[in-house]
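In what follows, a single structure is set out as C-alpha coordinates and then discussed.
The values are calculated or read from the model by the stated rules, or taken from the named source; none is laboratory data. Just so we're clear, the structure is a prediction, and the values are computed from it rather than from any experiment. Heads up, the Cβs are rebuilt from the backbone with ideal geometry, glycines too, and the neighbour counts pull from every protein chain shown. Only protein heavy atoms, including side chains, enter the accessible area calculation; ligands, DNA and RNA are left aside. Shrake-Rupley method; radii C 1.70, N 1.55, O 1.52, S 1.80 Å.
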Amino acid sequence: MLSTSSRGTPGPAGRRVRRWVTAAAALLGLAVTAAVVQTAGPARSVAPARTLTVATWNMCGVRQWNCADTGGQAAKRHGIEALATRSGARAVLLQEACAADVRAARTALGRAWHSAFHAYTWRDGAGRRTTVRCAGAGRGAAGIAILSAHPLSRVASLPARQPSVGLQRGILCASVAAHDVRLCNAHLSPAGSDLAHPGWELRDDQMRTLVSAVPRGRTVYGGDLNTAPPGPGGPSSWVWPSAPYTVHRECDQASGRSRAGRTTHTSGHKLDYLFTGLPRVRCTVRDTGVSDHMALLVGVRTG
(Lines give C-alpha, C1' and ligand atoms only; values in the text may rest on other atoms or scores of the structure.)
Protein backbone atom coordinates (compact mmCIF):
# COMPACT_ATOMS: atom_id res chain seq x y z
CA MET A 1 0.00 0.00 0.00
CA LEU A 2 1.26 3.43 -0.92
CA SER A 3 0.17 6.64 0.70
CA THR A 4 1.58 10.12 0.68
CA SER A 5 1.27 12.67 3.48
CA SER A 6 2.64 16.58 4.47
CA ARG A 7 14.39 -3.36 6.89
CA GLY A 8 23.50 -17.89 1.15
CA THR A 9 23.57 -15.37 -1.79
CA PRO A 10 24.02 -17.86 -4.65
CA GLY A 11 27.16 -17.64 -6.73
CA PRO A 12 27.18 -17.84 -10.53
CA ALA A 13 25.61 -21.32 -10.47
CA GLY A 14 22.78 -20.10 -8.27
CA ARG A 15 22.39 -17.11 -10.50
CA ARG A 16 21.95 -19.36 -13.56
CA VAL A 17 19.25 -21.33 -11.74
CA ARG A 18 17.51 -18.14 -10.72
CA ARG A 19 17.53 -16.79 -14.24
CA TRP A 20 16.10 -20.12 -15.56
CA VAL A 21 13.05 -19.50 -13.36
CA THR A 22 12.69 -15.77 -14.07
CA ALA A 23 9.39 -16.19 -15.88
CA ALA A 24 7.84 -18.11 -13.00
CA ALA A 25 9.17 -15.61 -10.48
CA ALA A 26 7.72 -12.75 -12.47
CA LEU A 27 4.27 -14.28 -12.22
CA LEU A 28 4.60 -14.99 -8.52
CA GLY A 29 6.56 -12.12 -7.09
CA LEU A 30 5.83 -8.76 -8.70
CA ALA A 31 4.90 -6.04 -6.25
CA VAL A 32 1.61 -4.25 -6.82
CA THR A 33 1.53 -0.47 -6.99
CA ALA A 34 -1.35 0.70 -4.82
CA ALA A 35 -3.42 3.85 -4.89
CA VAL A 36 -1.90 7.12 -3.80
CA VAL A 37 -3.46 9.10 -0.96
CA GLN A 38 -1.82 12.42 -0.14
CA THR A 39 -1.89 14.45 3.04
CA ALA A 40 0.57 17.27 3.23
CA GLY A 41 1.29 20.79 4.27
CA PRO A 42 0.40 23.76 2.08
CA ALA A 43 1.44 23.59 -1.57
CA ARG A 44 3.64 26.67 -1.28
CA SER A 45 7.22 26.36 -0.06
CA VAL A 46 10.09 28.64 0.83
CA ALA A 47 12.59 29.24 -1.98
CA PRO A 48 15.31 26.59 -1.57
CA ALA A 49 18.97 27.14 -0.89
CA ARG A 50 21.51 26.00 -3.47
CA THR A 51 22.22 22.79 -1.53
CA LEU A 52 19.95 19.99 -0.33
CA THR A 53 20.78 17.56 2.48
CA VAL A 54 19.17 14.12 2.14
CA ALA A 55 19.26 11.48 4.89
CA THR A 56 18.50 7.78 4.87
CA TRP A 57 17.75 5.92 8.09
CA ASN A 58 16.46 2.44 8.89
CA MET A 59 14.82 3.44 12.16
CA CYS A 60 14.15 -0.10 13.44
CA GLY A 61 10.65 1.06 14.32
CA VAL A 62 8.89 -2.29 13.90
CA ARG A 63 9.24 -3.58 17.47
CA GLN A 64 8.48 -7.23 16.63
CA TRP A 65 11.50 -7.31 14.28
CA ASN A 66 14.09 -7.45 17.09
CA CYS A 67 13.70 -3.73 17.67
CA ALA A 68 12.02 -3.71 21.08
CA ASP A 69 15.26 -2.66 22.81
CA THR A 70 16.09 0.26 20.50
CA GLY A 71 13.68 2.83 21.91
CA GLY A 72 9.96 3.56 22.08
CA GLN A 73 7.64 5.56 19.88
CA ALA A 74 8.69 8.96 21.25
CA ALA A 75 12.38 8.13 20.81
CA LYS A 76 11.82 7.07 17.20
CA ARG A 77 9.90 10.25 16.44
CA HIS A 78 12.59 12.39 18.06
CA GLY A 79 15.21 10.54 16.00
CA ILE A 80 13.47 11.60 12.80
CA GLU A 81 13.05 15.16 14.00
CA ALA A 82 16.73 15.40 14.99
CA LEU A 83 17.83 14.54 11.45
CA ALA A 84 15.98 17.65 10.30
CA THR A 85 16.56 20.04 13.18
CA ARG A 86 20.10 19.10 14.27
CA SER A 87 21.57 17.54 11.13
CA GLY A 88 19.92 19.81 8.59
CA ALA A 89 18.22 17.17 6.45
CA ARG A 90 15.55 18.58 4.17
CA ALA A 91 14.56 15.16 2.86
CA VAL A 92 14.62 11.93 4.88
CA LEU A 93 14.31 8.41 3.46
CA LEU A 94 13.04 6.04 6.15
CA GLN A 95 12.87 2.23 6.33
CA GLU A 96 11.20 0.06 8.98
CA ALA A 97 9.03 3.00 9.88
CA CYS A 98 5.57 2.99 11.46
CA ALA A 99 2.99 5.18 9.77
CA ALA A 100 1.99 6.84 13.05
CA ASP A 101 5.61 7.80 13.81
CA VAL A 102 6.03 9.35 10.37
CA ARG A 103 2.83 11.35 10.78
CA ALA A 104 3.83 12.52 14.26
CA ALA A 105 7.28 13.63 13.09
CA ARG A 106 5.83 15.46 10.11
CA THR A 107 3.37 17.29 12.35
CA ALA A 108 6.12 18.21 14.83
CA LEU A 109 8.36 19.56 12.06
CA GLY A 110 5.67 21.93 10.85
CA ARG A 111 3.11 22.51 8.13
CA ALA A 112 5.75 22.97 5.43
CA TRP A 113 6.76 19.30 5.71
CA HIS A 114 5.28 16.59 3.47
CA SER A 115 5.50 12.81 3.48
CA ALA A 116 4.87 9.73 1.34
CA PHE A 117 4.49 6.19 2.69
CA HIS A 118 4.58 2.69 1.20
CA ALA A 119 3.45 -0.18 3.45
CA TYR A 120 5.18 -3.53 3.65
CA THR A 121 3.02 -6.50 2.73
CA TRP A 122 3.18 -10.22 3.50
CA ARG A 123 2.42 -12.65 0.68
CA ASP A 124 1.36 -16.13 1.76
CA GLY A 125 1.54 -19.42 -0.14
CA ALA A 126 -1.91 -18.86 -1.62
CA GLY A 127 -0.89 -15.50 -3.07
CA ARG A 128 -2.83 -13.40 -0.55
CA ARG A 129 -1.24 -10.11 0.50
CA THR A 130 -1.80 -8.49 3.88
CA THR A 131 -0.42 -5.20 5.18
CA VAL A 132 2.23 -5.58 7.87
CA ARG A 133 1.21 -3.73 11.05
CA CYS A 134 3.52 -2.32 13.68
CA ALA A 135 3.13 -3.87 17.12
CA GLY A 136 1.48 -1.55 19.62
CA ALA A 137 -1.81 0.30 19.66
CA GLY A 138 -2.16 3.00 17.05
CA ARG A 139 1.23 2.50 15.39
CA GLY A 140 -0.35 1.73 12.02
CA ALA A 141 1.29 0.03 9.04
CA ALA A 142 5.00 -0.72 8.78
CA GLY A 143 6.81 0.47 5.69
CA ILE A 144 9.15 2.91 4.00
CA ALA A 145 8.64 6.66 3.81
CA ILE A 146 9.92 9.90 2.35
CA LEU A 147 9.74 13.08 4.43
CA SER A 148 10.44 16.42 2.76
CA ALA A 149 10.56 20.07 3.74
CA HIS A 150 9.22 20.84 0.25
CA PRO A 151 6.16 19.52 -1.60
CA LEU A 152 6.46 16.07 -3.16
CA SER A 153 5.19 15.30 -6.65
CA ARG A 154 5.17 12.31 -9.03
CA VAL A 155 5.01 9.94 -6.05
CA ALA A 156 5.20 6.31 -7.18
CA SER A 157 5.82 2.86 -5.75
CA LEU A 158 7.94 0.88 -8.22
CA PRO A 159 6.84 -2.65 -9.18
CA ALA A 160 10.09 -4.47 -8.43
CA ARG A 161 10.39 -8.25 -8.14
CA GLN A 162 9.48 -9.43 -4.62
CA PRO A 163 9.38 -12.78 -2.78
CA SER A 164 6.65 -15.14 -3.98
CA VAL A 165 6.13 -16.06 -0.31
CA GLY A 166 7.31 -13.77 2.46
CA LEU A 167 7.88 -10.11 3.28
CA GLN A 168 7.56 -7.70 0.37
CA ARG A 169 9.46 -4.50 1.03
CA GLY A 170 9.58 -1.96 -1.79
CA ILE A 171 10.89 1.12 -3.61
CA LEU A 172 9.24 4.54 -3.24
CA CYS A 173 10.09 7.54 -5.43
CA ALA A 174 9.05 11.19 -5.41
CA SER A 175 10.20 14.48 -6.91
CA VAL A 176 11.12 17.66 -5.05
CA ALA A 177 10.28 20.29 -7.65
CA ALA A 178 11.75 23.07 -5.50
CA HIS A 179 15.20 21.59 -6.13
CA ASP A 180 14.39 19.72 -9.37
CA VAL A 181 15.57 16.48 -7.72
CA ARG A 182 14.16 12.96 -7.96
CA LEU A 183 14.34 10.91 -4.72
CA CYS A 184 14.04 7.14 -4.50
CA ASN A 185 13.97 5.18 -1.24
CA ALA A 186 14.59 1.42 -1.41
CA HIS A 187 14.50 -1.41 1.10
CA LEU A 188 15.82 -4.49 -0.68
CA SER A 189 15.24 -8.18 0.08
CA PRO A 190 18.21 -9.92 1.71
CA ALA A 191 19.24 -13.38 0.55
CA GLY A 192 16.75 -16.06 1.59
CA SER A 193 13.76 -13.69 1.68
CA ASP A 194 11.62 -15.88 -0.57
CA LEU A 195 10.41 -18.58 1.81
CA ALA A 196 9.21 -20.77 -1.04
CA HIS A 197 12.52 -20.47 -2.91
CA PRO A 198 15.23 -19.52 -0.38
CA GLY A 199 17.98 -19.94 -2.99
CA TRP A 200 16.58 -17.24 -5.24
CA GLU A 201 18.36 -13.89 -5.36
CA LEU A 202 16.15 -10.81 -5.77
CA ARG A 203 18.49 -7.91 -5.09
CA ASP A 204 19.94 -7.81 -8.61
CA ASP A 205 16.48 -7.38 -10.14
CA GLN A 206 15.47 -4.87 -7.46
CA MET A 207 18.67 -2.86 -7.98
CA ARG A 208 18.07 -2.68 -11.72
CA THR A 209 14.53 -1.46 -11.13
CA LEU A 210 15.80 1.19 -8.71
CA VAL A 211 18.56 2.48 -11.00
CA SER A 212 16.35 2.50 -14.10
CA ALA A 213 13.84 4.76 -12.29
CA VAL A 214 16.26 7.63 -11.65
CA PRO A 215 17.59 10.19 -14.13
CA ARG A 216 21.28 10.34 -14.92
CA GLY A 217 21.92 13.60 -13.12
CA ARG A 218 19.43 15.24 -10.78
CA THR A 219 18.76 12.38 -8.43
CA VAL A 220 19.42 11.08 -4.91
CA TYR A 221 18.57 7.43 -4.31
CA GLY A 222 19.41 4.65 -1.91
CA GLY A 223 18.21 3.36 1.44
CA ASP A 224 18.78 0.03 3.17
CA LEU A 225 20.07 -2.12 0.30
CA ASN A 226 20.81 -5.12 2.54
CA THR A 227 24.11 -5.89 0.84
CA ALA A 228 27.78 -5.01 1.16
CA PRO A 229 29.48 -2.71 -1.36
CA PRO A 230 30.76 -4.43 -4.51
CA GLY A 231 34.38 -5.51 -4.43
CA PRO A 232 36.82 -8.27 -5.39
CA GLY A 233 35.79 -11.55 -3.84
CA GLY A 234 32.52 -10.20 -2.48
CA PRO A 235 29.95 -13.01 -2.74
CA SER A 236 27.15 -10.55 -3.55
CA SER A 237 29.09 -8.15 -5.76
CA TRP A 238 27.41 -9.51 -8.89
CA VAL A 239 24.00 -8.16 -7.77
CA TRP A 240 25.17 -4.57 -8.35
CA PRO A 241 24.41 -2.93 -11.71
CA SER A 242 27.06 -0.73 -13.30
CA ALA A 243 25.52 2.73 -12.77
CA PRO A 244 26.03 3.05 -8.99
CA TYR A 245 29.62 4.15 -8.30
CA THR A 246 30.19 5.02 -12.01
CA VAL A 247 27.38 7.08 -13.55
CA HIS A 248 26.40 8.12 -10.01
CA ARG A 249 28.52 8.54 -6.89
CA GLU A 250 27.85 7.15 -3.43
CA CYS A 251 27.81 9.47 -0.43
CA ASP A 252 31.00 7.96 1.03
CA GLN A 253 32.78 7.27 -2.28
CA ALA A 254 36.25 8.81 -2.15
CA SER A 255 37.22 8.30 -5.81
CA GLY A 256 35.98 6.82 -9.06
CA ARG A 257 37.56 3.46 -8.24
CA SER A 258 36.60 3.41 -4.57
CA ARG A 259 33.80 1.13 -3.38
CA ALA A 260 34.49 1.51 0.34
CA GLY A 261 32.29 3.24 2.89
CA ARG A 262 31.91 3.66 6.61
CA THR A 263 29.96 1.16 8.69
CA THR A 264 26.24 1.90 8.93
CA HIS A 265 25.06 -1.13 10.95
CA THR A 266 25.91 -2.45 14.40
CA SER A 267 27.11 -5.68 12.76
CA GLY A 268 30.08 -3.72 11.40
CA HIS A 269 28.84 -3.69 7.80
CA LYS A 270 27.79 -0.96 5.39
CA LEU A 271 24.18 -1.66 4.39
CA ASP A 272 22.88 1.88 3.84
CA TYR A 273 23.65 3.99 0.77
CA LEU A 274 22.92 7.31 -0.91
CA PHE A 275 23.83 7.72 -4.58
CA THR A 276 23.57 10.93 -6.57
CA GLY A 277 24.31 12.42 -9.97
CA LEU A 278 24.68 15.87 -8.38
CA PRO A 279 27.89 17.33 -6.93
CA ARG A 280 28.41 16.18 -3.33
CA VAL A 281 29.41 18.70 -0.69
CA ARG A 282 29.41 16.49 2.41
CA CYS A 283 28.75 12.96 3.68
CA THR A 284 27.94 12.22 7.32
CA VAL A 285 27.26 9.03 9.29
CA ARG A 286 25.15 9.79 12.36
CA ASP A 287 24.34 7.42 15.24
CA THR A 288 20.83 8.29 16.40
CA GLY A 289 21.12 6.01 19.44
CA VAL A 290 17.71 4.45 18.78
CA SER A 291 18.33 1.96 15.94
CA ASP A 292 20.69 -0.80 14.86
CA HIS A 293 21.38 1.32 11.76
CA MET A 294 23.22 4.63 11.60
CA ALA A 295 21.74 7.47 9.59
CA LEU A 296 23.60 8.47 6.43
CA LEU A 297 23.38 12.07 5.16
CA VAL A 298 24.59 13.53 1.88
CA GLY A 299 24.67 17.19 0.94
CA VAL A 300 24.28 17.89 -2.78
CA ARG A 301 24.60 21.08 -4.79
CA THR A 302 21.34 21.67 -6.68
CA GLY A 303 21.85 25.10 -8.23
>> Rounded to the nearest 10 Å², what accessible area does VAL211 have for a 1.4 Å probe in the complete protein model?
In response: 20 Å²
> At what distance in nm do the modelled label points of ASP124 and ALA68 sit from each other, each positioned 7 Å from its Cα along Cα→Cβ?
Replying inline: 2.4 nm
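How high is the FRET efficiency between SER237 and ALA137 when r is their beta carbon distance and R₀ equals 41 Å, given to the nearest 0.05?
Details: r = 44 Å, r/R0 = 1.06.
E(calc), rounded to 0.05, equals 0.40.
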> Which is farthest toward the positive dipole end of segment 160-303 among PRO229, SER291, ALA178, measuring Cα position about the Cα centre, with Cβ charges +1 (Lys, Arg) and -1 (Asp, Glu)?
Replying inline: ALA178
>> On a 1.4 Å probe surface of the protein chains, which of TRP122, TRP200 comes out largest in accessible area, and what is the full order?
In response: TRP122, TRP200
> How many angstrom lie between the C-alpha centres of segment 79-145 and segment 222-287?
Replying inline: 24 Å
>> Would any residue of segment 69-87 have its amide N under 17 Å from a label point 7 Å out along Cα→Cβ of ARG262? List them or say none.
In response: 83-84, 86-87
> Counting other Cβ atoms within 10 Å of each Cβ, which trypsin sites (Lys or Arg not before Pro) in segment 84-130 have at most 14 and sit in a DSSP loop?
Replying inline: ARG86, ARG111, ARG128
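When only DSSP loop residues count, what trypsin sites (Lys or Arg not before Pro) in segment 197-303 have their Cβ near at most 14 other Cβ atoms within 10 Å? Can you show the working numbers first?
On the way: sites: ARG203, ARG208, ARG216, ARG218, ARG249, ARG257, ARG259, ARG262, LYS270, ARG280, ARG282, ARG286, ARG301; in loops: ARG216, ARG218, ARG257, ARG259, ARG262, LYS270.
Answer by residue number: ARG216, ARG257, ARG262.
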> Given charges of +1 on the Cβ of Lys and Arg and -1 on the Cβ of Asp and Glu, with all other atoms neutral, how large is the dipole of segment 100-184 about its Cα centre, in debye to the nearest 20?
Replying inline: 180 debye
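Does segment 46-188 come out rounded, prolate or oblate, given a ≥ b ≥ c as the square roots of the eigenvalues of its C-alpha gyration tensor, rounded meaning a/c under 1.5 and, failing that, prolate meaning a/b above b/c?
Working: a/c = 2.33, a/b = 1.37, b/c = 1.70.
Since a/c reaches 1.5 but b/c is at least a/b, the shape of segment 46-188 is classed as oblate.
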> Label-point separation (nm) for ARG154 and HIS269, each offset 7 Å from Cα along Cα-to-Cβ?
Replying inline: 3.3 nm
